[in-house]
Amino acid sequence: PFDLEWFNPFAVSSFSALAAGLSLSIFIFWGWDVTLTMNEETKDPERTPGRSATITVITIVTIYLLLAVAMLMYSGTGDGELGLGN
């Protein structure tokens with residue numbers, strides 16, 4: 001079942017787990033900012049890049065959160081055969 005404790009940043013068990021999570025998040029978001037560098041190629045360079053960046057970030061965060069919750073609800077965090085701690 002769903003648990004809000006999954007989103008508690010203070011429940012991280014060790015510094016190495018925190019560092020792994022931070023480095024993974026940096027790697028995941030590595031390329032989305034490319035939309036901001038293309039502002040001179042848009043029809044409305046004052047508004048279009050900002051809107052595209054905002055929509056991109058919201059979409060990516062939503063997809064990643066939904067995927068993380070779905071994986072946790074399916075397999076849990078245990079170290080058994082299907083657990084995400086395996």
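Laid out as a table, the results:
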read-out	value
Loop-located trypsin sites (Lys or Arg not before Pro) in the stretch 41-86, at most 11 other Cβ atoms within 10 Å (DSSP)	Lys43, Arg47
Solvent-accessible ranking of Thr62, Thr77, Thr56, largest area first, probe 1.4 Å	Thr77, Thr62, Thr56
Förster radius 30 Å - calculated FRET efficiency between Ser25 and Arg47, Cβ distance, rounded to 0.05	0.60
Accessible area (Å², 1.4 Å probe, nearest 10) - Phe2	110
Stokes-Einstein D in µm²/s, Kirkwood radius over Cα pairs - the chain at 4 °C with 1.567 mPa s viscosity	84
Heavy atoms of Asp3 accessible to a 1.4 Å probe, total area in Å² rounded to 10	70
Full-stretch length increase - Ala17, Tyr64 - with 0.36 nm per residue and alpha-carbon distance subtracted	15.1 nm
Accessible surface of Val69 - all protein chains present, 1.4 Å probe, nearest 10 Å²	30
Using alpha-carbon coordinates, inclination of helix 15-28 to the longest axis of the chain, degrees	30
0 to 90° range, to nearest 10: angle between helix 48-75 axis and the chain longest Cα axis	10
The chain, accessible area per residue, ligands and nucleic acids excluded (1.4 Å, Å²)	82
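The values are calculated or read from the model by the stated rules, or taken from the named source; none is laboratory data. Everything numeric in this text was worked out from a predicted model, so none of it was measured. Here the Cβ is made from the backbone with ideal geometry for all residues, glycine too, and neighbour counts use every protein chain on show. What goes into the accessible areas is simple: the full protein's heavy atoms, side chains included, and nothing from ligands, DNA or RNA. Shrake-Rupley method; radii C 1.70, N 1.55, O 1.52, S 1.80 Å.
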